[in-house]
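Below is one structure, written out as structure tokens; comments come after it.
The values are calculated or read from the model by the stated rules, or taken from the named source; none is laboratory data. Just so you know, these numbers come straight off a predicted model, no measurement behind them. Virtual Cβ from ideal backbone geometry, glycine too; neighbours counted across all protein chains shown.
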């Protein structure tokens, strides 16, 4: 095991936190869909892949400016998300949860296959959004793209907060999350809200995929692992709590970054799933409820 | 989706008859279909059938999805491979020890998960599956890493190694039919009735004194044992194991096999498994004829779409849907055909109105 100084740990912390922001974005998408429709969406990672790959296509293939490519990719994936909801979840919305989970797996496989068909197996990349010298934080290096990642996550969080707390539409979506039948009784179009939830979540996933594209190579098969990590994060929030997912996502990113420095590299991806087990165990012991009772 | 709750002697007679018919068909199959390709395909179908039967018990009767069944399958395979190749054990002892170990692991995974309500088993088994494949790749000293572990011996019966595929075919299908018979017995036992009660309503079952967590745990362990034994059979047939045969994609394919056969139908398992295997092989043959480049892509897309379509339109699976069609349409064909058609049309329109 190599010897690390304080500066190295700071480095792990900042790069881990920015990777964690990606997991937060994916996890929040899962939570949104689960709350409104009760579906555990195993295709969430594919929205991330589609976002990244479409942005690369719009930027390199159509020569759009980077920011336009970003927005166009997010909007396209939102449309795809809405389409997926209409075609796969909507017709089976009264089916048992087991069936719905299998449906989302099928969707994920089909989307991955489409990605392979459209873009092949070659990994792609985007240029950094604002190229320049990396920032120096007390000795730790922070690339500008990582700032973009954190900024995007923050912007999405603020947007979600404003949307859910301060708009009528957002409140209607929340009402569906609380009780679908009663929402229907007071005149909320729950079908439309489910569609909206899917579109929003797809957009969040796409944004996550686009902002990491400059840092890692992106390819058709990136969705599986990222989607699974989003899951770990969503489960940390019990599939319902957004604040818990934000904290969980950041922690997962930092853990992984530390583990990559300490453990052999192959085990890095196993860590997220060990964390998942730990979370499941923790939920069994009702740690969260202990806290709730005290306050 | 729910099968009739009342079952008894008549059901058991019908099941026995079914198993015997299937045994007769499969026993005589090599007489007229004896190409090496067909035989090895049938052996693999038999091996996957054992896993699928376990999955049907878990998903159809336990009401839980396992997205890591390939990992249990892989633990059986690697357990057998490592114990015979590295430790020099007898294959049969290795099979039993691997199964016991796999069952224990399933038990340990199940304990925390089944204390929670909801579909955490899907996530837990998924995570377990990913970790297992990472271990297979990284723990090179025992597993041989990504290149795999060669040199697994053939199974022996009375000291004679089963060298020919034909002998292995009979061994695999005898095991599969035994697995089927055991599963059918489980379904018709007190245990099976408790599972069905849980699936239909956890609250009602619990209020009648059914210990939900314990039953779910037992069915998870049963399905893991099925998968592990199948994995051992796989390792001794392929005489080689590598991590790609047990990854997430395989888990998904196993779920697809169970879904095509019908989640709540043990009888569906062999047919679902055969349908998916033959479809996969068929797509591999047909797709290159239709397009000049990139056959793999279309195969993956077709596969995903198929999974969605089956779950949306035939959630009870091919076998149940087929049998219903048979009962409703074919048996009563004749004098009442016209009335039937009219009734069917009426049902259809009523059904569509209800759905809208």
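Residues are listed down the side, and each one gets a yes or a no for (1) surrounded by fewer than 23 Cβ atoms within 10 Å (Cβ to Cβ); (2) at the interface with chain B (Cβ under 8 Å from one of its Cβ atoms); (3) part of a helix (DSSP H, G or I):
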residue	(1), (2), (3)
A:99	yes, yes, yes
A:106	no, yes, yes
A:116	yes, yes, yes
A:127	yes, no, no
A:130	yes, no, no
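Given B:155, B:149, B:166, which one is within 25 Å of residue A:264 (Cβ to Cβ), in contact with a helix residue (DSSP H, G or I) (Cβ under 7 Å, 6 or more places away or on another chain) and more than 14 Å from chain A (Cβ to nearest Cβ)?
Working: B:155 fails: within 25 Å of residue A:264 (Cβ to Cβ); B:166 fails: within 25 Å of residue A:264 (Cβ to Cβ).
Residue meeting the stated conditions: B:149.
Residue under question is residue B:102, and the condition is that it be more than 14 Å from every other protein chain (Cβ to nearest Cβ), touching a helix residue (DSSP H, G or I) at 6+ places or on another chain (Cβ under 7 Å) and either at pLDDT below 95 or under 23 Å from residue B:144 (Cβ atoms) (or both); does it hold? First the steps, then the outcome.
Values: more than 14 Å from every other protein chain (Cβ to nearest Cβ): yes; touching a helix residue (DSSP H, G or I) at 6+ places or on another chain (Cβ under 7 Å): yes; either at pLDDT below 95 or under 23 Å from residue B:144 (Cβ atoms) (or both): yes.
So residue B:102 passes the test.
Got a number for residues in segment B:266-283 being surrounded by 21 or more Cβ atoms within 10 Å (Cβ to Cβ) and within 14 Å of chain A (Cβ to nearest Cβ)?
Going through segment B:266-283 one residue at a time, the tally reaches 2.
With the condition kept exactly as written, say whether any residue in segment B:284-291 is within 19 Å of residue B:125 (Cβ to Cβ), touching a helix residue (DSSP H, G or I) at 6+ places or on another chain (Cβ under 9 Å) and within 14 Å of chain A (Cβ to nearest Cβ).
no
Taking segment A:172-216, which residues are surrounded by fewer than 14 Cβ atoms within 10 Å (Cβ to Cβ) and part of a helix (DSSP H, G or I)?
Answer for segment A:172-216, where residues must be surrounded by fewer than 14 Cβ atoms within 10 Å (Cβ to Cβ) and part of a helix (DSSP H, G or I): A:178, A:181, A:182, A:185, A:192.
Tell me which residues, restricted to segment B:106-137, are surrounded by fewer than 18 Cβ atoms within 10 Å (Cβ to Cβ) and assigned to a helix (DSSP H, G or I).
The answer is B:107, B:108, B:111.
Go over the candidates B:148, B:209, B:159 one by one and state the one that is at positive phi and touching a strand residue (DSSP E or B) at 6+ places or on another chain (Cβ under 6 Å).
After ruling out the rest, the residue left standing is B:148.
Given the criterion within 14 Å of another protein chain (Cβ to nearest Cβ) and at pLDDT 85 or above, identify the matching residue among B:113, B:109.
B:109
Tell me, yes or no, whether segment A:222-243 has at least one residue that is crowded, with 24+ Cβ neighbours inside 10 Å and away from every other protein chain (no Cβ under 14 Å).
Checked segment A:222-243: no residue is crowded, with 24+ Cβ neighbours inside 10 Å and away from every other protein chain (no Cβ under 14 Å).
Can you tell me which of (1) at the interface with chain A (Cβ under 9 Å from one of its Cβ atoms); (2) part of a loop (DSSP other than H, G, I, E, B); (3) surrounded by fewer than 24 Cβ atoms within 10 Å (Cβ to Cβ) is the one residue B:89 doesn't meet?
(1)
Among the residues of segment B:234-247, are any within 15 Å of the chain's Cα centre (by Cα), part of a helix (DSSP H, G or I) and either modelled with pLDDT of 85 or more or away from chain A (no Cβ under 14 Å) (or both)? Walk me through it before giving the result.
Narrowing segment B:234-247 to residues within 15 Å of the chain's Cα centre (by Cα): B:234, B:246.
Add one more test, that the residue is part of a helix (DSSP H, G or I), and what stays is B:234, B:246.
From what is left, the residues that are either modelled with pLDDT of 85 or more or away from chain A (no Cβ under 14 Å) (or both) are B:234, B:246.
Yes; the residues of segment B:234-247 include at least one that is within 15 Å of the chain's Cα centre (by Cα), part of a helix (DSSP H, G or I) and either modelled with pLDDT of 85 or more or away from chain A (no Cβ under 14 Å) (or both).
Taking segment A:56-97, which residues are free of Cβ contacts under 8 Å to residues at least 12 places away in the same chain and not in a helix (DSSP H, G or I)?
The answer is A:62, A:63, A:64, A:65, A:94, A:95, A:96.
So which of B:211, B:206 is in contact with a helix residue (DSSP H, G or I) (Cβ under 8 Å, 6 or more places away or on another chain) and surrounded by fewer than 22 Cβ atoms within 10 Å (Cβ to Cβ)? I'd like the intermediate steps shown before the answer.
Details: B:211 fails: in contact with a helix residue (DSSP H, G or I) (Cβ under 8 Å, 6 or more places away or on another chain).
After ruling out the rest, the residue left standing is B:206.
Does residue B:251 satisfy being surrounded by 23 or more Cβ atoms within 10 Å (Cβ to Cβ) and within 14 Å of chain A (Cβ to nearest Cβ)?
yes
Can you go through A:45, A:29 and tell me which one is surrounded by 24 or more Cβ atoms within 10 Å (Cβ to Cβ) and within 14 Å of chain B (Cβ to nearest Cβ)?
Working: A:29 fails: within 14 Å of chain B (Cβ to nearest Cβ).
On inspection, the qualifying residue turns out to be A:45.
Can you go through A:162, A:87, A:111 and tell me which one is facing chain B (nearest Cβ under 9 Å), surrounded by fewer than 21 Cβ atoms within 10 Å (Cβ to Cβ) and at pLDDT 90 or above?
Going through A:162, A:87, A:111 in turn, just one is facing chain B (nearest Cβ under 9 Å), surrounded by fewer than 21 Cβ atoms within 10 Å (Cβ to Cβ) and at pLDDT 90 or above: A:87.
For segment A:244-283, which positions are surrounded by fewer than 18 Cβ atoms within 10 Å (Cβ to Cβ) and more than 24 Å from residue B:137 (Cβ to Cβ)?
Answer for segment A:244-283, where residues must be surrounded by fewer than 18 Cβ atoms within 10 Å (Cβ to Cβ) and more than 24 Å from residue B:137 (Cβ to Cβ): A:247, A:251, A:281, A:282.
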